[in-house]
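> After the structure tokens below, expect a handful of questions from me.
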Amino acid sequence: MNTHQTKIKVRYGETDQMGVVYHGNYAQYLEIGRLEWLNTLGISYKEMEADNVMLPVVSLILRYIKPATYDEILTISTSLLKLPTASIEFSYEIHDSSGELLTTAHTKLAFVNIKSNFPMRCPQYILDKLHI
């Protein structure tokens, strides 16, 4: 639907003694991809939170195919799966600098009102920016 690519460099602190990215760091890589995807639409988490909207992750699925390693440049491809309702879903692919697929992932985030802590529909200003 709507895809954005982000490049990141694997830092030493994200790896174990073998120079392999620790599995828990992939969730942060996905967040970087989501934030950059939103930024390209002119939407920031900071502005969403000021508008009393938060997006907690309710589902995270990762498939590790090949390890990412220290000092490698990774490309995170973040794609919107369908039109948001009370939730928003993304798929991801992480490739190394040679284009080899390392990881696939899927996340689902819920739109939640910060004040009431209850689910809510996707704000109209986000839908408007999707041009759907």
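What follows draws every value from the coordinates through simple rules; no lab data is involved. Only a predicted model underlies this, so the values are computations on that prediction, with no experimental measurement involved. FYI the Cβ positions are ideal-geometry reconstructions off the backbone, even for glycines, and counts take in every protein chain you see.
> Of all residues in the stretch 17-74, which are among the hydroxyl-bearing types (Ser, Thr, Tyr) and under 22 Å from THR104 (Cα atoms)?
First, the residues of the stretch 17-74 that are among the hydroxyl-bearing types (Ser, Thr, Tyr): 22, 26, 29, 40, 44-45, 59, 64, 69-70.
Within the stretch 17-74, TYR22, TYR26, TYR29, THR40, SER59, TYR64, THR69, TYR70 qualify.
> Could you please find all residues in the stretch 71-103 being acidic (Asp, Glu), farther than 17 Å from LEU60 by Cβ and surrounded by 13 or more Cβ atoms within 10 Å (Cβ to Cβ)?
Within the stretch 71-103, the first condition is being acidic (Asp, Glu), and the residues that meet it are 71-72, 89, 93, 96, 100.
Cutting the leftovers down to farther than 17 Å from LEU60 by Cβ gives us 71-72, 96, 100.
If the condition is that a residue be acidic (Asp, Glu), farther than 17 Å from LEU60 by Cβ and surrounded by 13 or more Cβ atoms within 10 Å (Cβ to Cβ), then GLU72, ASP96 are the ones that fit.
> Six or more apart or on different chains, Cβ atoms under 6 Å: show the pairs whose first residue is in the stretch 98-117 and touching a residue at least 24 places away in the same chain (Cβ under 8 Å) and outside any strand (DSSP E or B) and whose second is surrounded by fewer than 15 Cβ atoms within 10 Å (Cβ to Cβ) and of a type outside the set (Lys, Arg).
Hits for this filter: PHE111/ALA86; ILE114/ASN52; LYS115/ASN52.
> Identify all residues within the stretch 1-17 that are surrounded by fewer than 18 Cβ atoms within 10 Å (Cβ to Cβ) and polar (S, T, N, Q); write none if there are none.
ASN2, THR3, GLN5, GLN17, listed by residue number.
> Any idea how many residues of the stretch 49-70 are within 26 Å of PHE118 (Cα to Cα), touching a residue at least 12 places away in the same chain (Cβ under 8 Å) and either hydrophobic (A, V, I, L, M, F, W, C) or surrounded by 15 or more Cβ atoms within 10 Å (Cβ to Cβ) (or both)? Show your work before the answer.
Restricting attention to the stretch 49-70, the residues satisfying the condition of being within 26 Å of PHE118 (Cα to Cα) are 49-61.
Checking which are touching a residue at least 12 places away in the same chain (Cβ under 8 Å) leaves us with 49, 51-61.
Cutting the leftovers down to either hydrophobic (A, V, I, L, M, F, W, C) or surrounded by 15 or more Cβ atoms within 10 Å (Cβ to Cβ) (or both) gives us 53-55, 57-58, 60-61.
Total meeting the criteria: 7.
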